[in-house]
1. Of Pro125, Gly108, Gly192, which is farthest on the positive side of the dipole of the stretch 36-332, counting Cα position, with +1 on Lys and Arg Cβ, -1 on Asp and Glu Cβ, and the Cα centre as origin?
2. Magnitude of the Cβ-charge dipole of the stretch 164-304, K/R +1 and D/E -1, about the Cα centre, nearest 20 debye?
3. Any chance you could tell me what percent of the C-alpha pair distances in the stretch 180-293 go past 22 Å?
4. By its C-alpha gyration tensor, with a ≥ b ≥ c as the square roots of the eigenvalues, how is the stretch 36-332 shaped: rounded for a/c under 1.5, else prolate for a/b larger than b/c, else oblate?
5. What is the calculated FRET efficiency for Asp66 to Asp150, with r their C-beta to C-beta distance and R₀ = 35 Å, to the nearest 0.05?
6. Within 10 Å of each residue's Cβ, count the other Cβ atoms and sort Ile103, Ile195 from fewest upward.
7. Calculate the FRET efficiency for Asp282 and Ala258 from the Cβ-Cβ distance with a Förster distance of 25 Å, rounded to the nearest 0.05.
8. What FRET efficiency comes out for Ile251 versus Lys59 if R0 is 35 angstrom and r is the Cβ-Cβ distance? Round to the nearest 0.05.
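Any read-out appearing in this document is the output of simple, stated calculations on the displayed coordinates, not a laboratory observation. This one's a predicted model, so the numbers in the text were calculated from it and none came from an experiment. Glycine also receives a Cβ, built like all others from the backbone with ideal geometry; neighbour counts cover every protein chain displayed.
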Amino acid sequence: MIRRCCANSPPYSLKNRIVFVLILAVALINTQANAHAQIAFSSDRGGDMNIYVMDEDGKNVVQLTDHPQVDSTPAWSPDGRLIAFSSLRDEPPNTHGNSVIYIMDSDGGNPTRLTQEPNSIDTLPAWSPYGNRIAFVSNRDGTGDIYVMDADGGNLGRLTHDEWNRSPYDWAPSWSPSGRFIAFESTRGGRGSDIWLMNSDGTNPVLLAKPPAHDTSPSWSPDGKRIVFASRDGENFTWEIHRVDVDGGGIQSLTNNAANDRQPAWSPSGEQIAFSSDRDGDYDIYVMNPDGENVLRLTNHAAGDYAPSWFPNTLAVSSQGKLPTQWSAIKSNQ
């Protein structure tokens, strides 16, 4: 009887494997749940614009770069080992504003230049969810467009090129959690700028929404269902944070005051949105709930703090597929 019972049970070694896999899965879940979130940001608190990092509650601020030229717009790699940023440290003599894309270790070590185009502005790096590609903005071909490259700077490709506007620009790329889509700012609509969506290979660009404003800095929610962005409109004509569904509906104003609220960034948990604001006299980093409630100031410095970027980033959770042209189809495929 014992022999028959054991014959219907997994072998001892297989049992061990199953137990090991279960323990590993629980450990990974606990590791993700307990991951210590941090926020990178750029600041001129040291006299020059450099990259800093702090805990998600604003404590333990650490300076990562220390260069007399501008280092700005940090972006964490999904695994947290690297930070991409734009820098003027290699600006040629007698030029102004020529920036390149760098990566560095998350502790600020080993800065490595990725883009090599002379006399161009390369800025606003954005990692793909799997960390193998970096999108960025460049004017190397005459207008501001979105490009993409491997994480080591190779395989450079141009994603946007609007032939219908004489002087358009495409700006501020943001990858969807699936890696299939990129949200971006564009003037191709002919009236200020709007938020657009496209496939991650640059095909099939579609307008997300048409609020009567200048819209910029899109950031996807971790579940891929919503996008926050900054918009300049309203009675105060100041920058405010808005939220919109990926089908273009459900636009909601999250901030509304006489100050400028800019550069929103969704937290990995989806429970907070970080942003920069000058509501207290100078630009600092704040967080709020996704509905705009419970605003909390994280930094408090006489200098300016800008461009928050969260780590850990979320894993890809959205479904695969092409970017449809109909909003209902976009929503159903997220």
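1. Gly192
2. Details: 12 positive and 19 negative charges, 87 e Å.
That gives the stretch 164-304 a dipole magnitude of about 420 debye.
3. Working: 1827 of 6441 pairs.
Value for the stretch 180-293 (Cα pairs over 22 Å): 28 percent.
4. On the way: a/c = 1.34, a/b = 1.09, b/c = 1.23.
Rounded.
5. Plugging the Cβ-Cβ distance into 1/(1 + (r/R0)^6) gives 0.80.
6. Values: Ile103 22, Ile195 28.
Exposure proxy ranking, most exposed first: Ile103, Ile195.
7. On the way: r = 15 Å, r/R0 = 0.60.
According to the calculation, E is roughly 0.95.
8. Details: r = 34 Å, r/R0 = 0.98.
After rounding, the FRET efficiency stands at 0.55.
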